[in-house]
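Participant: Pasting a structure here, questions to come.
Only the coordinates and a few stated rules stand behind these numbers; no lab work does. Please read all numbers here as calculations on a predicted model, not as lab measurements. In this analysis, Cβ positions are derived from the backbone assuming ideal geometry, glycine residues included, and neighbour counts consider all displayed protein chains.
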Protein chains: 2
Amino acid sequence: MSPPVRWSDVRRTGDALVRIRVDLSYDGSGFHGFAENRDVETVGGRLRAALERVLRHPVELTCAGRTDAGVHARGQVVSFDTTVEPEPERWRDSLNGLLGPRIVVRDVRVADPDFDARFSARSRTYRYTVLNRPVPDPFLAATAWWVPEPLDLTALAEACPPLLGEHDFSSFCRRPRGRSEVSLVRRVLAAGWRELPSEDGPGLLGFEISSSSFCHQMVRSVVGLLVDVGRGRRTPADVAAAIAARDRSRVAQLAPPHGLVLWEVGY
Amino acid sequence: MSPPVRWSDVRRTGDALVRIRVDLSYDGSGFHGFAENRDVETVGGRLRAALERVLRHPVELTCAGRTDAGVHARGQVVSFDTTVEPEPERWRDSLNGLLGPRIVVRDVRVADPDFDARFSARSRTYRYTVLNRPVPDPFLAATAWWVPEPLDLTALAEACPPLLGEHDFSSFCRRPRGRSEVSLVRRVLAAGWRELPSEDGPGLLGFEISSSSFCHQMVRSVVGLLVDVGRGRRTPADVAAAIAARDRSRVAQLAPPHGLVLWEVGY
């Protein structure tokens, strides 16, 4: 994979820039997350390399949600600038030919010049899938956390309302190293569990949570605690207590990454 | 992996035999089919090795449908004999611990002594999944054939009735080498397409076909022809003509294995 070339290094003065928005889905298994990292395979690295092959100029990507290693996306959004005359459908199909089956470009479109995949986003929605049946399912092995102990759905539901609204989520977030001043206050817009459609009957549970933004590992920390509530190891009241504590040691279990999907970004 | 040891080599005279039925699902990606083959990884080889670790005696498996390389199963059934006192739930959980996420034992039970996973089966149902949307889906890459050209659903439906009933399926079957006398007459009990439930709207199509038994590559050959009908390259009338021709060269395209699932076996 080629090292990133800065767009500013090569752009000729006077080139007209067009802002492009790309919507993509990916199976994050086997990728070390979205954000580029020189030594490992990342979704962003693969996408940038494919875009540079199609556009024949360096590309700088901005993304709506920097998913962690093993985390998937159904509705990731990225933006970048190009000097090339846009051909959205052809670019989409060329990219899909280059990217292979695990990363899929769903849509390419010309965006408003002010559009920024990260800063224009008003909300992000994540879905976490739990397979709550006595036996696992080979077709969900890469996308659902298998929890064989029967979960108490009433307790799961009661554990969600305390998450809503503006809170300091320090108990649920991995604080960026050396940045103790960073705010971990977030406004959760919606949070709830539901049965997902399945041809094998009940037990496929989806937790969906929307927020203006999320701090690092927040969804997986929340799900870890909620599943402990569902198992009866904690109570719904422990959720409010964990938020109030602002203490990461209060939320022991991080749900595994493979159940998590960046579901949708709202602009 | 240990080479197969014949049960008859080790059984002591007088051991009481219990017939066991195992229902299993597997993601066939990366397996060279069900049937054991010394040099490659097969589902049957993995399952037999796991059973022998749990039971501590050699096992000879009989299976309902010998799926090909890359083909999946939701409802594969196998049977075998044991002298060990049956503990179905413990065996199920031990096997799942040994087999890993791609092969899952759904159920273990004591069967009637006459039960034979292969010869007691009255019907087999296969499902073939086609993703008929302009862009692929990374989460279906391993289990659906992506066909971007819009398929004519009316033509697909009209192409199914000619398959029903008893026919010589020589046009659709790979004849076992050197066995020109083998009958390829099969009785198809049901065949049809339907939209499968999907959170992303229409375009996820399932073809389901039931028969007392299938000959080799029959379902993938049928789907290859039907999808050509859906694309408008062939007509529904070509299906009856292909059956009547009893000529394998009349059915050019074999649908890829990864869309096929042994869905259910009826006893």
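Participant: Does B:L184 qualify as being under 30 Å from A:S29 (Cα atoms), under 22 Å from the mean Cα position of the chain (by Cα) and surrounded by 15 or more Cβ atoms within 10 Å (Cβ to Cβ)?
Facilitator: Details: under 30 Å from A:S29 (Cα atoms): no; under 22 Å from the mean Cα position of the chain (by Cα): yes; surrounded by 15 or more Cβ atoms within 10 Å (Cβ to Cβ): yes.
It is false that B:L184 is under 30 Å from A:S29 (Cα atoms), under 22 Å from the mean Cα position of the chain (by Cα) and surrounded by 15 or more Cβ atoms within 10 Å (Cβ to Cβ).
Participant: Out of B:T67, B:T82, which single residue is in contact with a Leu (Cβ under 6 Å, 6 or more places away or on another chain) and surrounded by fewer than 22 Cβ atoms within 10 Å (Cβ to Cβ)? Spell out the reasoning first.
Facilitator: Details: B:T67 fails: surrounded by fewer than 22 Cβ atoms within 10 Å (Cβ to Cβ).
Unique residue meeting the criteria: B:T82.
Participant: Would you point out the residue of the range A:85-98, among those that are among the hydrophobic types (A, V, I, L, M, F, W, C) and in contact with a strand residue (DSSP E or B) (Cβ under 8 Å, 6 or more places away or on another chain), that is nearest to the other protein chains (Cβ to nearest Cβ)?
Facilitator: Restricting attention to the range A:85-98, the residues satisfying the condition of being among the hydrophobic types (A, V, I, L, M, F, W, C) are A:91, A:95, A:98.
Checking which are in contact with a strand residue (DSSP E or B) (Cβ under 8 Å, 6 or more places away or on another chain) leaves us with A:91, A:95.
Values: A:W91: 12, A:L95: 10 Å.
Looking at residues that are among the hydrophobic types (A, V, I, L, M, F, W, C) and in contact with a strand residue (DSSP E or B) (Cβ under 8 Å, 6 or more places away or on another chain), I get A:L95.
Participant: Right, here's the next one. Taking the range B:114-137, which residues are touching an Asp or Glu at 6+ places or on another chain (Cβ under 9 Å) and either assigned to a loop (DSSP other than H, G, I, E, B) or within 14 Å of chain A (Cβ to nearest Cβ) (or both)? Break it down into steps so the answer makes sense when it comes.
Facilitator: Let us first name the residues in the range B:114-137 that are touching an Asp or Glu at 6+ places or on another chain (Cβ under 9 Å), namely B:120, B:123-128, B:131-135, B:137.
The answer is B:S120, B:T125, B:R127, B:L131, B:N132, B:R133, B:P134, B:V135, B:D137.
Participant: Applying the selection to the range B:85-98, what residues are assigned to a loop (DSSP other than H, G, I, E, B) and not charged (D, E, K, R)? Steps first, answer last, please.
Facilitator: Initially, the range B:85-98 is screened for residues assigned to a loop (DSSP other than H, G, I, E, B), giving B:85-87.
Scanning the range B:85-98 gives a single hit, B:P86.
Participant: On the basis of being touching a residue at least 40 places away in the same chain (Cβ under 8 Å), part of a helix (DSSP H, G or I) and either within 21 Å of A:Y128 (Cα to Cα) or within 14 Å of chain B (Cβ to nearest Cβ) (or both), does A:R46 make the cut?
Facilitator: Working: touching a residue at least 40 places away in the same chain (Cβ under 8 Å): yes; part of a helix (DSSP H, G or I): yes; either within 21 Å of A:Y128 (Cα to Cα) or within 14 Å of chain B (Cβ to nearest Cβ) (or both): yes.
For A:R46, the condition - touching a residue at least 40 places away in the same chain (Cβ under 8 Å), part of a helix (DSSP H, G or I) and either within 21 Å of A:Y128 (Cα to Cα) or within 14 Å of chain B (Cβ to nearest Cβ) (or both) - is met.
Participant: A further question follows. Given the residues B:G206, B:G201, which is the only one that is within 16 Å of the chain's Cα centre (by Cα) and under 30 Å from A:W263 (Cα atoms)? Walk me through it before giving the result.
Facilitator: Working: B:G201 fails: within 16 Å of the chain's Cα centre (by Cα).
Unique residue meeting the criteria: B:G206.
Participant: Let me ask another. Which residues, taken from the range B:144-166, are assigned to a loop (DSSP other than H, G, I, E, B) and crowded, with 18+ Cβ neighbours inside 10 Å?
Facilitator: Listed by number, the residues that qualify are B:A144, B:V147, B:L151, B:A159, B:C160.
Participant: Look through the range A:67-84, keep the residues that are away from every other protein chain (no Cβ under 12 Å) and in a strand (DSSP E or B), and return whichever of them is farthest from A:Y128 (Cα to Cα).
Facilitator: Pass one, the range A:67-84, residues away from every other protein chain (no Cβ under 12 Å): A:67-71, A:77-84.
If we keep only those that are in a strand (DSSP E or B) as well, we get A:77-82.
Values: A:V77: 19, A:V78: 22, A:S79: 25, A:F80: 29, A:D81: 32, A:T82: 35 Å.
Step by step, filter the range A:67-84, then rank; the result is A:T82.
Participant: Output the number of residues of the range B:99-113 satisfying the condition of being within 14 Å of chain A (Cβ to nearest Cβ), part of a strand (DSSP E or B) and of a type in the set (A, V, I, L, M, F, W, C).
Facilitator: 4
Participant: Regarding the range B:54-65, can at least one residue be identified that is in contact with a Ser or Thr (Cβ under 9 Å, 6 or more places away or on another chain), in a loop (DSSP other than H, G, I, E, B) and within 13 Å of chain A (Cβ to nearest Cβ)?
Facilitator: no
Participant: OK, next. Would you mind listing the strands (runs of 3 or more DSSP E) fully within the range B:172-267 where at least 2 residues are closer than 21 Å to B:T154 by Cα, touching a helix residue (DSSP H, G or I) at 6+ places or on another chain (Cβ under 8 Å) and in contact (Cβ under 8 Å) with a residue 24 or more places away in the chain?
Facilitator: Values: elements: B:185-195, B:204-211, B:260-266.
Output list reads B:185-195, B:204-211.
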